[in-house]
Amino acid sequence: MLGILQVGIWMQSYNALRSVAADTGRYTAVQYQKVNNISNLNMAQWAKDRAVDHYLFESTLLSADVTDAANQQIVGVTEKTLTLTYTFQSIMSVVGINDQTVTFARPIFVKSS
């Protein structure tokens with residue numbers, strides 16, 4: 001039963017990270033549409049704030065990073081990669097299963113300046 005609960009916590013965390021990434025993609029697209037070209041650092045901070053405020057992640061266990069892709073594949077568009085990582089406490093530590101880490105990454109495409 002504890003194993004099933006542990007997997008459920010992992011799945012909930014993963015799905016919440018996916019939702020945060022989708023929210024961040026929408027936010028970024030709207031900001032660029034308004035000609036408000038926000039920085040990678042601002043995007044990462046917005047994602048982290050969203051995860052803490054709306055999805056109840058613990059901020060000390062969450063990291064968010066936005067980087068420009070090394071190879072830009074579409075002319076006139078900048079591809080960025082948002083990576084979210086969350087470490088949640090294991091409920092199975094009594095049997096030697098340590099805290100678990102969940103990572104989700106997705107591209108965000110914005111119009112180049």
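Just for the stretch 16-33: of the residues that are surrounded by fewer than 16 Cβ atoms within 10 Å (Cβ to Cβ) and of a type in the set (S, T, N, Q), which one is modelled with the highest pLDDT?
Ser19
Output the residue which, of all residues in the stretch 1-15 that are within 18 Å of the chain's Cα centre (by Cα) and in contact (Cβ under 8 Å) with a residue 60 or more places away in the chain, is surrounded by the most Cβ atoms within 10 Å (Cβ to Cβ).
Ser13
Where residues in the stretch 51-86 are among the polar types (S, T, N, Q) and modelled with pLDDT of 95 or more, which of them is surrounded by the fewest Cβ atoms within 10 Å (Cβ to Cβ)?
Let us first name the residues in the stretch 51-86 that are among the polar types (S, T, N, Q), namely 59-60, 63, 67, 71-73, 78, 81, 83, 85.
Okay, now just the ones that are also modelled with pLDDT of 95 or more, so 59-60, 63, 67, 81, 83, 85.
On the way: Ser59: 11, Thr60: 8, Ser63: 16, Thr67: 13, Thr81: 15, Thr83: 17, Thr85: 15.
Selected residue: Thr60.
Just one of (1) surrounded by 17 or more Cβ atoms within 10 Å (Cβ to Cβ); (2) over 16 Å from the mean Cα position of the chain (by Cα) trips up Ile97, so point out which.
Checking Ile97 against (1) surrounded by 17 or more Cβ atoms within 10 Å (Cβ to Cβ); (2) over 16 Å from the mean Cα position of the chain (by Cα), the one that fails is (1).
Quick check: is even one residue across the stretch 71-90 out of contact with any strand residue (DSSP E or B) (no Cβ under 8 Å at 6 or more places or on another chain), under 17 Å from Ser112 (Cα atoms) and not β-branched (Val, Ile, Thr)? Steps first, please.
Quick first cut of the stretch 71-90, residues out of contact with any strand residue (DSSP E or B) (no Cβ under 8 Å at 6 or more places or on another chain) only: 71, 75, 89.
Still in the list and also under 17 Å from Ser112 (Cα atoms): 71, 75.
Checking the rest, the ones that are also not β-branched (Val, Ile, Thr) come to 71.
For the stretch 71-90, residues out of contact with any strand residue (DSSP E or B) (no Cβ under 8 Å at 6 or more places or on another chain), under 17 Å from Ser112 (Cα atoms) and not β-branched (Val, Ile, Thr): present.
Would you be able to say whether some residue in the stretch 34-50 is surrounded by 14 or more Cβ atoms within 10 Å (Cβ to Cβ), touching a Ser or Thr at 6+ places or on another chain (Cβ under 7 Å), touching a residue at least 24 places away in the same chain (Cβ under 8 Å) and not in a helix (DSSP H, G or I)?
Scanning the stretch 34-50, I find at least one residue that is surrounded by 14 or more Cβ atoms within 10 Å (Cβ to Cβ), touching a Ser or Thr at 6+ places or on another chain (Cβ under 7 Å), touching a residue at least 24 places away in the same chain (Cβ under 8 Å) and not in a helix (DSSP H, G or I), so the answer is yes.
The values are calculated or read from the model by the stated rules, or taken from the named source; none is laboratory data. Just so you know, these numbers come straight off a predicted model, no measurement behind them. Cβ sites come from the backbone with ideal geometry, for glycine too, and all protein chains shown count toward neighbours.
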